[in-house]
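What follows is a single structure, written as structure tokens, with notes after it.
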Amino acid sequence: MTRFEGSANLALIWTIAVVGLVVIYAPPFYLVAISLNPALQPGLPSLSDLSLIWYFKLASERGLLAALTQSALVAALTALIATGLSLLAALGHQELRQGRSAWFMTVILPMFVPGVIQGLALSVIFTRIGIKPSVLTVTAGHLLWAMPFAFIVILTSMSGVRRSWLLAAADLGAGWGRRFFDVTLPLILPGLISALLFAFLLSLNEFARAFYLVGRQNTLPIEMFGKMNSGANPTIYALSGAIFAVSILCVGLIVARQARLR
């Protein structure tokens, strides 16, 4: 391969990457832009017309704020439980000598089940055993969705833990708990944080499973879907823009922290 061909291939790769990023990020940035439009129509405002009026009006949207609180609570529970269970599942996978593939497929199987089927099945089961729809039923549905992803993220981070290091710690007299807290945990901590954040965002945006399992208080996606069906409300754009900005801020803080640690 000549130098020119190598440069051309590199340019092609970068072009495809940039186009892909533009396609991915254009819709949310467009949503942020129209949330700054004081007009009622969802159009891009001119620089002289930028306004935060719809962000200030969010304080009066009790339904949206209650749904956001509900979703945040469900997402926090889901993220904590999913990360904890996924960590145990990943440690079990690491200790297995036989049947690793079967264990792996068992844990990630819920990822391939459609959310509508999972939500409906759980709704029927909970109704049969007398469990009323609540935060816990929604969390159970979201857990089936988030745990496989958290498991894969943690398992990937565990690939950086060499078995020779654990054996060396064992030779020095360290028990299983000491090896985990002194060797494994510090190395996989970035993976745990990533899994926690990933599970939180998956739960926060989940619609299909929550639709069948929600109680009296809707989650945010269901509430927003209902409001959009009854007519576009500019405060929805403002709330979406605020959530998007907070998500970018959280990811940026995590990246900055990891950069400092290196």
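Quick one: would you say Q70 is modelled with pLDDT of 90 or more, surrounded by 16 or more Cβ atoms within 10 Å (Cβ to Cβ), more than 26 Å from V246 (Cβ to Cβ) and of a type outside the set (G, A, S)? Steps first, answer last, please.
Details: modelled with pLDDT of 90 or more: yes; surrounded by 16 or more Cβ atoms within 10 Å (Cβ to Cβ): yes; more than 26 Å from V246 (Cβ to Cβ): no; of a type outside the set (G, A, S): yes.
Judged against the criteria, Q70 is not a match.
Could you list, in sequence order, all residues of the stretch 106-157 that are under 21 Å from I193 (Cβ atoms) and touching a Gly at 6+ places or on another chain (Cβ under 7 Å)?
W145, V153, I154, T156, S157
Which one is nearest to the chain's Cα centre (by Cα), of the residues in the stretch 184-206 that are more than 30 Å from L65 (Cβ to Cβ) and surrounded by fewer than 18 Cβ atoms within 10 Å (Cβ to Cβ)?
P190
Pairs only if they're at least six apart or on different chains, beta carbon under 8 angstrom, first in the stretch 51-66 and free of Cβ contacts under 8 Å to residues at least 12 places away in the same chain, second surrounded by 15 or more Cβ atoms within 10 Å (Cβ to Cβ) and part of a helix (DSSP H, G or I); list them, first residue then second.
A59/L65; L65/L58
Determine the pairs where a residue that is assigned by TED's automatic domain parsing to the domain that holds I154, located within the stretch 185-205, has a partner that is assigned to a loop (DSSP other than H, G, I, E, B) with Cβ atoms under 8 Å apart, the partner being 6 or more residues away or on another chain.
L187/G160; L187/V161; I188/G160; I188/V161
Output the number of the condition that T219 fails; it satisfies all remaining conditions of (1) at pLDDT 85 or above; (2) loosely packed, with under 15 Cβ neighbours inside 10 Å; (3) not hydrophobic (A, V, I, L, M, F, W, C).
(2)
Listed here are the residues, each with its yes/no results for (1) over 27 Å from L73 (Cβ atoms); (2) surrounded by 20 or more Cβ atoms within 10 Å (Cβ to Cβ).
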site	(1), (2)
A146	no, yes
G175	yes, no
F181	yes, no
A208	no, no
F211	no, yes
E223	no, yes
G226	no, no
A245	no, no
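Looking at the structure I just gave you, is L21 surrounded by 11 or more Cβ atoms within 10 Å (Cβ to Cβ) and of a type in the set (A, V, I, L, M)? Lay out the reasoning, then the answer.
Working: surrounded by 11 or more Cβ atoms within 10 Å (Cβ to Cβ): no; of a type in the set (A, V, I, L, M): yes.
No: the conditions fail for L21.
So in the stretch 14-61, with the set limited to residues that are assigned to a loop (DSSP other than H, G, I, E, B) and over 17 Å from N233 (Cα atoms), which one is modelled with the highest pLDDT?
Going through the stretch 14-61, the residues assigned to a loop (DSSP other than H, G, I, E, B) turn out to be 36-46, 50-52, 61.
Keeping just the survivors that are over 17 Å from N233 (Cα atoms) gives 46, 50.
Values: S46: 73, L50: 80.
Only one residue tops the list, namely L50.
Scan the stretch 236-257 and report the pairs whose first residue is at negative phi and whose second residue is outside any helix (DSSP H, G or I), with Cβ atoms within less than 7 Å and a gap of 6+ or a chain change.
Sorted first by the residue in the stretch 236-257, then by its partner, the pairs are Y237/P42.
Looking at I131, is it assigned to a helix (DSSP H, G or I) and out of contact with any Phe, Trp or Tyr (no Cβ under 9 Å at 6 or more places or on another chain)?
Numbers: assigned to a helix (DSSP H, G or I): no; out of contact with any Phe, Trp or Tyr (no Cβ under 9 Å at 6 or more places or on another chain): yes.
No.
The values are calculated or read from the model by the stated rules, or taken from the named source; none is laboratory data. Keep in mind the model is a prediction, meaning the values are calculated, not measured. No Cβ is skipped: glycine too gets one built from the backbone with ideal geometry, and neighbour counts run over all protein chains shown.
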